[in-house]
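Have a look at the structure below before the remarks.
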């Protein structure tokens with residue numbers, strides 16, 4: 001098993017900091033990427049969403065300021081998946097975080113299910 005993960009995170013996000021700390025404690029080497037400064041491209045994002053097995057709606061940071069300011073709660077239903085992916089890729093603050101991948105699977109957010117996915121051993 002590869003012990004290297006790519007983590008798209010926001011350094012001042014407490015959930016991200018907790019995830020990074022926990023993953024390091026599990027023995028992972030982390031390639032940390034600031035999701036606000038360098039969000040995944042639409043192509044990368046499409047692949048990450050596919051690897052996660054989750055619907056695109058789960059990838060939106062619905063509690064975020066940008067999501068609310070853009071009024072996305074009312075707009076997403078009328079958008080195609082391609083438009084949603086492009087929108088997410090256009091502003092990393094729209095993406096729920098952290099996004100963690102080993103290239104074979106991906107998780108978004110860091111609740112218990114994500115923790116279990118990356119449990120070492």
Residue count, the stretch 25-46 (criterion: under 16 Å from residue 5 (Cβ atoms) and either part of a loop (DSSP other than H, G, I, E, B) or in contact with a strand residue (DSSP E or B) (Cβ under 6 Å, 6 or more places away or on another chain) (or both)) = 10
query = In the stretch 96-121, what residues are modelled with pLDDT of 90 or more, assigned to a loop (DSSP other than H, G, I, E, B) and more than 11 Å from residue 19 (Cα to Cα)?
reply = 96, 102, 103, 104, 105
query = Does residue 68 qualify as being assigned to a helix (DSSP H, G or I), on the phi < 0 side of the Ramachandran plot and either modelled with pLDDT under 95 or touching a strand residue (DSSP E or B) at 6+ places or on another chain (Cβ under 9 Å) (or both)?
reply = no
query = What's the number of the condition residue 104 fails, among (1) in contact (Cβ under 8 Å) with a residue 40 or more places away in the chain; (2) exposed (fewer than 12 other Cβ atoms within 10 Å of the Cβ); (3) under 14 Å from the mean Cα position of the chain (by Cα)?
reply = (3)
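Every residue, every condition in (1) in contact with a strand residue (DSSP E or B) (Cβ under 9 Å, 6 or more places away or on another chain); (2) farther than 17 Å from residue 53 by Cβ, yes or no:
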site	(1), (2)
74	no, yes
78	no, yes
81	no, no
86	no, yes
102	yes, no
107	yes, no
113	yes, no
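The values are calculated or read from the model by the stated rules, or taken from the named source; none is laboratory data. Remember, it's a predicted structure, so these values are computed and weren't measured experimentally. FYI the Cβ positions are ideal-geometry reconstructions off the backbone, even for glycines, and counts take in every protein chain you see.
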